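The values are calculated or read from the model by the stated rules, or taken from the named source; none is laboratory data. Predicted, not measured: the structure shown is a model, and the values here were computed from it. All Cβ positions, glycine included, derive from the backbone under ideal geometry; neighbour counts span all protein chains shown.
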Amino acid sequence: TGSVRVVAVDLGATSGRVTVAVVGPETLELTEVHRFPNGAVEVEGSLHWDVRALHREILEGLRRAAAGGPVDGIGIDSWAVDHGLLDAGERLLGDPFSYRDSRTDGVAARVLDTVDAAELYALTGVQQLPFNTIYQLVAAAGTPALEQASTMLLLPDLLGFWLTGEIGAEATNASTTGLYDVRSRTWATGLAERVGLPSAILPPLREAGDRVGTLLPDVAASVGLPQDVPVVAVGSHDTASAVVAVPAEHAHPAYLSSGTWSLVGLELDEPVLTEAARRADFTNEGGVDGTVRFLKNVMGLWVLSEALRGWALDGVPGTDLPAVLAAAAAAEPLRTVVDINDASLLPPGTGPTHGMPARLAALARAAGEPVPETPGQVARCVLDSLAVAYRRHLHEAAGLAGVTVDVLHVVGGGSRNDLLCQLTADACGVPVLAGPAEASTLGNVLVQARTLGVDLPDLAAMRALVRRTHPLRRFEPTGEASVWRDVVQRLSKI
Ligand code: LFR
């Protein structure tokens, strides 16, 4: 096959995108055909995703893609861990919860009373995040939804099911659930049963690159595509797809996938399941082609975007993103540094006590740091604190895996943020190669193209194509490395 025309659906926590891509051995062209806002919806005190609205937007995107020419394949990726439950008749039982919902508070601690943390890590290799699917499902114990559930589908698999009628779980995303055996690459069914979950709800696994199925007749008719268009399983965890498109030249690249979350780490061949890795709370998520994404979840640009949302609601002048970033660039460097991974920053919130600026002020006060007052100071505090976290975790990852890092690839929307890229280079003490911004979509279409017969045999070939077609921007480290060393120390005393 020379080249193919495929559709990528890439769903993020704040927006979704449908993109048409022409992919060939020397071609990688993207055209975004549909973009729509997304966000968790609060219903009776709980945070949910409106997955039926997402389905409708996917259909709209497919319609627009179909209007522009033939479609050879469709792939879906989204954020991880969240899921829907289907009953025996394959109907969705309630609206899927958002991972930022508070119902999982305290659940991990309860599970860790039953299963030893070291044993859990040896089996699953994942970071302790309160919203890991295992904890979400344990939180649902005794609810009608879980009692009636016959299948659990992660969100990209649920949306793919609505296109094809096929049930399954793509492995990169399954690896984030905390119910997946990182070494055998199968569901950890014994673990599920031990924590009181019905392991029968875990659907058959599929690998990125497998064909999911073809379009259901009514779906095909409604979007104007033939029924035989295949839906291809891509790295359905958005971070897995983003890592596919890291334009690295060498094995074991260091990357920062920068968006709502900042995922900082390395691509490895084998998981690192040592006690040191567990204590450092690193995750070993599954990558495309059997690779391991050895990384740390950092709270990310979520903190800034949630602050921006609050300022907009309060009508604070001069707080659009460009204005706030300009003010941050002009603000005093490293004035306030906080632990950006503090659990208090996870839930959404606005207003004088629950807003991000108020929560950052509370962290600053507790740490004896000056409280950020202006929007520019708040944004600078977030960016400086992110950069400090990247430094720390990049060094940890390199040490734990025994890998030397001489360049850091920054991909995802955050790679467009010049100030953050420069601070990242300064903090980490290595050059930053920024781009591509649309990494998840690129990884999605590259894997589809290979399945459909395009000559892109492995990750190296896919990355070489990204390098040939997407210019990167380079940020050299500036300033004194000792400054950042001292800040890491200042932070670790807190
Ligand atoms: C990024 C991401 C992270 C995952 C978080 C929650 O979009 O997928 O990798 O930990 O969202 O699902």
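Miscellaneous remarks
- Look at region 12-23: where a residue is touching a residue at least 60 places away in the same chain (Cβ under 8 Å) and a partner is part of a strand (DSSP E or B) and within 12 Å of the ligand (Cβ to nearest atom), sitting 6+ places away or on another chain with Cβ atoms under 6 Å, you get Arg17/Asp10.
- Residue satisfying all of: in region 152-184; buried (at least 23 other Cβ atoms within 10 Å of the Cβ) and of a type in the set (Ser, Thr, Tyr); nearest to the ligand (Cβ to nearest atom) among these: Thr176
- When residues of region 66-110 are limited to those that are assigned to a loop (DSSP other than H, G, I, E, B) and basic (Lys, Arg), the one farthest from the ligand (Cβ to nearest atom): Arg91
- Residue in region 223-233 that is within 16 Å of the ligand (Cβ to nearest atom) and in a strand (DSSP E or B) present: no
- Counting only strands (runs of 3 or more DSSP E) that fall entirely inside region 380-477 and contain at least 1 residues that are closer than 19 Å to Val488 by Cβ and in contact with a helix residue (DSSP H, G or I) (Cβ under 9 Å, 6 or more places away or on another chain), the qualifying elements are 408-411, 432-434.
- Restricting region 257-283 to residues that are farther than 30 Å from Asn38 by Cβ and of a type in the set (Gly, Ala, Ser), the residue that is farthest from the ligand (Cβ to nearest atom): Ala276
- Any chance Asp77 is among the acidic types (Asp, Glu), at pLDDT 95 or above, in contact with a helix residue (DSSP H, G or I) (Cβ under 9 Å, 6 or more places away or on another chain) and on the phi < 0 side of the Ramachandran plot: yes
- Failed criterion for Glu369 (all others in (1) in contact (Cβ under 8 Å) with a residue 24 or more places away in the chain; (2) touching a helix residue (DSSP H, G or I) at 6+ places or on another chain (Cβ under 7 Å) hold): (2)
- Selection status of Ser3, surrounded by 15 or more Cβ atoms within 10 Å (Cβ to Cβ) and within 18 Å of the chain's Cα centre (by Cα): no
- Qualifying residue in region 236-248 (condition: assigned to a loop (DSSP other than H, G, I, E, B) and more than 16 Å from the ligand (Cβ to nearest atom)): yes
- Filtering region 334-351 to residues that are hydroxyl-bearing (Ser, Thr, Tyr), within 17 Å of Gly310 (Cβ to Cβ) and assigned to a loop (DSSP other than H, G, I, E, B) leaves only Thr350.
- Residues (farther than 14 Å from Ala427 by Cβ, hydroxyl-bearing (Ser, Thr, Tyr) and touching a residue at least 24 places away in the same chain (Cβ under 8 Å)) located in region 372-410: Thr374
- Any hit, region 120-133, residues being within 17 Å of Pro203 (Cα to Cα), crowded, with 19+ Cβ neighbours inside 10 Å and over 18 Å from the mean Cα position of the chain (by Cα): no
- Residue count for region 26-65, restricted to those that are touching a residue at least 24 places away in the same chain (Cβ under 8 Å), more than 16 Å from the ligand (Cβ to nearest atom), out of contact with any Gly (no Cβ under 7 Å at 6 or more places or on another chain) and outside any strand (DSSP E or B): 10
- Here the condition is being within 27 Å of His83 (Cα to Cα) and in contact with a helix residue (DSSP H, G or I) (Cβ under 6 Å, 6 or more places away or on another chain); of Val264, Val243, it holds for Val264 alone.
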